[in-house]
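The structure appears right after this line, and notes come after that.
The values are calculated or read from the model by the stated rules, or taken from the named source; none is laboratory data. Source: prediction; values computed, not measured. Note: ideal-geometry Cβ built from the backbone for every residue, glycine included; neighbour counts use all protein chains shown. Protein only, heavy atoms only, side chains kept; ligands, DNA and RNA dropped before computing areas. Shrake-Rupley method; radii C 1.70, N 1.55, O 1.52, S 1.80 Å.
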Amino acid sequence: MRLITLLFLGFASAATAGDKVAFFGLTLLDESLQSQMQGEDPAQIARIAMLEEIVRDRFLAEGYELLDITPVQADLDRIVNPAKCYGCDTRMATDLGADFSLVGEVQKVSNLILAMNLQLRDAETGDLVRGGVVDIRSNTDESWQRGMRYILKNRIFREEEK
């Protein structure tokens, strides 16, 4: 299994423990031939849920408050991909009283090539606060977990260099 860091996104402002975060989940973008020929793979849907739990657990462990998104669920249900909706995520986060919006994607090109990203944006300005993208090689629970944990450790909760 190989993990490749593709991108490190800079920091627009500091996010700190106690801040309110509206996590709108992760979107699976499956462009693979396997899925086109065999249909949606339930294992991948389960992996998305697994990654969302990893993200939630880490934000809670770091002291962030994750807000209930139920009040904007009807709006969210009309959106295909909250990570690419021209700021709808930050507008919904503002409506919820959040300091930040958190969204992400897993893009599957094939069973060998996948990419995932996670983005923390300032709800008021829409500016990217922290985020990262990784390429992973292998379509397994372990590779998905390793990719998301890498983003969380090295991009989202990375210690500031002095």
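Let me make sure I get this right: for segment 18-97, a, b and c are the square roots of the gyration tensor eigenvalues over alpha carbons, sorted descending. Under 1.5 in a/c it's rounded, otherwise prolate if a/b > b/c, else oblate. Which is it?
Details: a/c = 2.83, a/b = 1.55, b/c = 1.83.
Here segment 18-97 falls in the oblate category.
Specify whether the C-alpha gyration tensor of segment 40-83 places it in the rounded, prolate or oblate class, a ≥ b ≥ c being the square roots of the eigenvalues: rounded for a/c under 1.5, otherwise prolate if a/b is larger than b/c and oblate if not. If you can, show how the numbers build up before the last one.
On the way: a/c = 2.78, a/b = 1.11, b/c = 2.51.
Judged from the Cα gyration tensor, segment 40-83 comes out oblate (a/c at least 1.5, b/c at or above a/b).
Mind ranking 122-129, 42-49 by how tightly packed they are, going by the mean number of other C-beta atoms within 10 angstrom, highest first? It would help to have the intermediate numbers written out before the result.
Numbers: 122-129: 16.6, 42-49: 14.0.
Highest to lowest by the protection proxy: 122-129, 42-49.
Kindly list the residues of segment 55-80 that lie in the label zone of D95, defined by a backbone N under 13 Å from the point 7 Å along the Cα-to-C-beta vector.
Only 69-79 pass the distance filter.
Place the peptides 71-79, 90-98, 105-113 in order of packing, highest mean first, counting for every residue the other Cβ atoms within 10 Å and averaging per peptide. Walk me through the numbers before you get to the answer.
Numbers: 71-79: 12.8, 90-98: 19.6, 105-113: 16.4.
Per-residue Cβ counts within 10 Å, averaged per peptide and sorted highest first, yield 90-98, 105-113, 71-79.
Calculate one ³J(HN,Hα) per residue across segment 70-81 by plugging θ = phi - 60° into the Karplus curve 6.51 cos²θ - 1.76 cosθ + 1.60, and present them in order as whole Hz with x for glycine and proline.
Whole-Hz 3J(HN,Hα) from phi for segment 70-81: 3, x, 10, 4, 4, 5, 4, 5, 8, 9, 6, 9.
Can you compute the modelled spin-label distance between E142 and Q73, with each label point 7 Å from Cα toward Cβ, in nm?
Here the answer is 3.7 nm between the modelled labels.
Counting only protein heavy atoms and using a 1.4 Å probe, what share of the accessible area of the chain belongs to carbon plus sulfur, as a whole percent? Each step should come with its number before you reach the end.
Values: 4180 of 8460 Å².
With neighbouring chains kept in place, the figure for the chain is 49 percent.
What does the accessible area per residue of segment 20-156 come to in Å², with a 1.4 Å probe and no ligands, DNA or RNA counted? Let's see the in-between values first.
On the way: 6520 Å² over 137 residues.
About 48 Å² of surface per residue is accessible.
Tell me what the chain gives for mean residue ellipticity at 222 nm when only DSSP H runs of n ≥ 4 count, each as -39,500 (n - 2.57), the sum divided by the residue total, rounded to 500 deg cm²/dmol.
On the way: 5 runs with 51 residues, N = 162.
Estimated from H runs of four or more residues: -9500 deg cm²/dmol.
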